[in-house]
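Trainee: What follows is a single structure, and I will ask about it in a moment.
The values are calculated or read from the model by the stated rules, or taken from the named source; none is laboratory data. Quick caveat, the model's predicted, so the values are computed rather than measured. For neighbour counting, all protein chains shown are included, and Cβ atoms are generated from backbone atoms with ideal geometry for every residue, glycine included. When the accessible area is computed, the model is the full protein with side chains, heavy atoms only, and any ligands, DNA or RNA have been set aside. Shrake-Rupley method; radii C 1.70, N 1.55, O 1.52, S 1.80 Å.
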Amino acid sequence: MLSLHGKIVAITGASGGIGEATARLLAQRGATVVLAARRAERIDAIARDIREEGGRAATCVVDVTQAGDLRRLVSGAVEQYGRMDVLVNNAGIAPISPLADLDTEGWTAMIDVNLRGMLNCVAAALPVFREQGSGHLVSIVSMAGLHAVSPSMAVYAATKNAVRTIHDGLRTESTDGVVRTTAISPGYVSTDLADSMTDPHIRELTRKNMDAMGIPPAAIARAVAFAIEQPGDVEIGEINVRPTVQA
Ligand SMILES: NC(=O)c1ccc[n+]([C@@H]2O[C@H](COP(=O)([O-])OP(=O)(O)OC[C@H]3O[C@@H](n4cnc5c(N)ncnc54)[C@H](OP(=O)(O)O)[C@@H]3O)[C@@H](O)[C@H]2O)c1
């Protein structure tokens with residue numbers, strides 16, 4: 001099924017987990033994917049794999065906290081392929097802990113990657129979307145962006161709520177039909193996200209929950225594909241994807 005044939009899609013955080021699964025699925029469905037993350041060897045290996053399976057894939061080393069890196073990602077796609085149809089803002093970290101622990105470094109890191117990283121995506125992509133007359137921003141948010149999921153998630157949830165709010169803002173400013181926005185909120189997905197958790201107790205608990213009920217990252221990739229596959233006059237605003245057994 002090549003429902004995404006001809007689409008140029010850049011994906012942040014594509015070196016593993018949900019981003020990698022999204023790059024692989026979209027390429028299987030005919031999209032040209034540009035994989036972005038900090039670990040060059042990981043995205044290069046995944047892109048090589050995709051090409052060996054007959055797909056089209058390029059890479060760009062990006063730290064989403066750096067606005068210039070996102071501008072380089074977008075301008076590189078435009079230079080190479082003539083445009084960029086979709087930017088998937090997926091990169092994220094979760095060094096979660098109770099507020100009382102005062103992990104101010106973790107708070108700053110989540111704000112920088114999850115929130116500032118998203119704004120850097122908007123700043124880099126919006127002018128190109130407007131110039132080419134169309135474009136689609138997809139963000140991987142979280143169930144934690146919808147309601148408090150656990151006592152240790154306040155700052156993580158705040159960054160994810162902020163991302164949803166900015167999506168809402170972008171949608172209300174895009175009624176001329178040029179820019180589509182989609183916010184996808186996963187529940188537990190089996191990935192390496194727990195590695196970014198600094199508190200050993202919370203890290204172990206999260207890994208346990210992921211092992212017990214996590215769904216595969218491909219489940220989120222299918223939601224991304226569904227949103228992108230819609231005709232240009234149809235916007236899928238929000239999708240929640242959780243394990244059936246998750247409350
Ligand atoms: N897994 C879950 O249960 C779950 C649930 C809800 C929401 N989410 C969200 O889903 C998204 C993907 O997470 P995941 O579960 O797939 O976790 P993951 O396997 O840890 O992947 C995170 C990705 O983000 C990238 N990243 C982190 N910091 C970055 C930075 N400064 N610049 C560029 N890339 C950066 C990492 O790449 P490099 O290290 O190579 O840069 C990696 O590719 C995140 O936004 C997360 O909040 C996950």
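Trainee: Checking the conditions here, which among 175, 181 is more than 16 Å from residue 143 (Cα to Cα), open to solvent by less than 20 Å² (accessible area, probe 1.4 Å) and not aromatic (Phe, Trp, Tyr)? Step through it out loud before you land on a result.
Mentor: Values: 175 fails: open to solvent by less than 20 Å² (accessible area, probe 1.4 Å).
On inspection, the qualifying residue turns out to be 181.
Trainee: Also, quick follow-up: Go through the range 96-116 residue by residue and tally those that are under 17 Å from the mean Cα position of the chain (by Cα) and either closer than 16 Å to residue 59 by Cα or not aliphatic (A, V, I, L, M) (or both).
Mentor: 3
Trainee: Within the range 120-137, count every residue that is surrounded by fewer than 15 Cβ atoms within 10 Å (Cβ to Cβ), in a helix (DSSP H, G or I) and in contact (Cβ under 8 Å) with a residue 12 or more places away in the chain.
Mentor: 3
Trainee: Which one of 78, 64 is within 17 Å of the chain's Cα centre (by Cα) and either open to solvent by less than 40 Å² (accessible area, probe 1.4 Å) or over 23 Å from residue 238 (Cβ atoms) (or both)?
Mentor: Exactly one residue qualifies, and that residue is 64.
Trainee: Of everything in the range 193-217, what is more than 16 Å from residue 156 (Cβ to Cβ) and open to solvent by less than 40 Å² (accessible area, probe 1.4 Å)? Give them in sequence order.
Mentor: Of everything in the range 193-217, those that are more than 16 Å from residue 156 (Cβ to Cβ) and open to solvent by less than 40 Å² (accessible area, probe 1.4 Å) turn out to be 214, 215, 217.
Trainee: Residues of the range 98-137 being under 17 Å from residue 11 (Cβ atoms) and either more than 13 Å from the ligand (Cβ to nearest atom) or among the small types (Gly, Ala, Ser) (or both), which ones?
Mentor: If the condition is that a residue be under 17 Å from residue 11 (Cβ atoms) and either more than 13 Å from the ligand (Cβ to nearest atom) or among the small types (Gly, Ala, Ser) (or both), then 117, 122, 124, 125, 128, 129, 135, 136, 137 are the ones that fit.
Trainee: Continuing with the same structure: For the list (1) in contact with a Lys or Arg (Cβ under 7 Å, 6 or more places away or on another chain); (2) open to solvent by 20 Å² or more (accessible area, probe 1.4 Å), I need the number of the one condition that residue 228 fails.
Mentor: (2)
Trainee: Here are some residues: 24, 39. Which one is within 15 Å of the ligand (Cβ to nearest atom), open to solvent by 20 Å² or more (accessible area, probe 1.4 Å) and in contact (Cβ under 8 Å) with a residue 60 or more places away in the chain? Explain how you work it out, then say what you get.
Mentor: On the way: 39 fails: in contact (Cβ under 8 Å) with a residue 60 or more places away in the chain.
After applying the criteria, what remains is 24.
Trainee: In the range 138-196, how many are in a strand (DSSP E or B) and more than 10 Å from the ligand (Cβ to nearest atom)?
Mentor: Number of matching residues: 6.
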